[in-house]
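Visitor: I have a structure I would like to understand better, so I am pasting it below and will then ask my questions one at a time.
Computed from the coordinates by the stated procedures, all read-outs in this text should not be read as laboratory data. Keep in mind the model is a prediction, meaning the values are calculated, not measured. Neighbour counts are summed over all protein chains in view; Cβ atoms, including those assigned to glycine, are modelled from backbone coordinates with ideal geometry.
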Amino acid sequence: MRREVAHNGLVAGLDRYQQQAWDILSSAAARRAFDLDSEPSHIRDRYGFMPAWEPGTPDRCGVPAWSQRILLARRLVEAGVRLVTVALGWWDTYILGFESLRQGFLPRWDQAYSALIEDLDQRGLLESTLVLAWGEFGRTPRVNRDAGRDHYPAVFSAALAGGPVQGGRIVGESDSRGAFPRTNPKRPQDVLALLYRHLGVDGRVNYNDNSGRPHPVLPFGEPINELC
């Protein structure tokens, strides 16, 4: 990529911020971080090399082989990247959901996620790294006629580890069916408020758009201090 860009002269046409982003992406530190082959084999094995899981029917979601992406996230953190997102690319369980979780998502997730927490801890990075694992929303408390669960925004969970978070704590509670919050409900914005505080981002700051209208970094939400 660096050779191609140098050949066609694209960098010369970038503005200052694009140039800065390009310099970061093409730096020696970034190249080293993305070189997974330099990682010891026993660590790569700990994260897993599970192949993609394909249910064999187009109306069900497969699971990509993404475990090494989570190892890459650790390498980027170690290289000094302040914010890393790992897209797992699968979560829908509309049809035969329990089978999909057992055979597809959960074995891969359990191995790679536990490897990440363990790896960060052993390297002394967990105290400074907040790991947030969550999806888009929850799943219906009632199983549908296809032995799956559909989209449901009223209740869902997030797992947080590292950084300011003290382990072994559960904050909030749903009713017995997992349908609605019962005690101490938290909102996604509360999780973001905790994340922003850890990153040193002031969520109360407003930025004006081209018309002069102010837009807050975070319209509402309070950090979840019970986790800290």
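Visitor: Amide H neighbours of residue 53 under 5 Å, at least 5 residues apart or on other chains, H built in the peptide plane: list them.
Guide: It is 63, by chain and number.
Visitor: Which cross-chain or sequence-distant (5 or more) residues have an amide H under 5 Å from the amide H of residue 93, H modelled 1.01 Å from N in plane?
Guide: Residues meeting the criterion, in which the H sits 1.01 Å from N, are 149.
Visitor: What's the ranking of 17-30, 60-73, 120-133 by average number of surrounding C-beta atoms within 10 Å, highest first?
Guide: 60-73, 120-133, 17-30
Visitor: I've got another one for you. In what sequence do 47, 196, 207 fall when counting other Cβ within 10 Å, fewest first?
Guide: In increasing order of surrounding Cβ atoms, one gets 207, 196, 47.
Visitor: Something else about it: What ranking do 165, 84 get, fewest neighbouring Cβ atoms within 10 angstrom at the top?
Guide: Ordered by Cβ neighbours within 10 Å, fewest first: 84, 165.
Visitor: Now for a different question. What do you get for chymotrypsin sites (Phe, Trp or Tyr not before Pro) in segment 98-178 restricted to DSSP loop and a cutoff of at most 14 other Cβ within 10 Å of the site's Cβ?
Guide: The qualifying sites are 137.
Visitor: How big is the dipole moment of the chain about its Cα centre under a simple scheme where the beta carbon of each Lys and Arg is +1, that of each Asp and Glu is -1, and everything else is neutral? Debye, nearest 20, please.
Guide: Its charge dipole is roughly 160 debye.
Visitor: Any chance you could run the full-extension gain for residue 14 through residue 32? It's 0.36 nm times the residue separation minus the Cα-Cα distance, nm to one decimal.
Guide: Using 0.36 nm per residue and subtracting the Cα-Cα distance, I get 4.0 nm.
Visitor: When a footprinting reagent is the concern and you count Cβ atoms within 10 Å, what order do 151, 42 take, fewest first?
Guide: Least to most surrounded, the residues fall as 42, 151.
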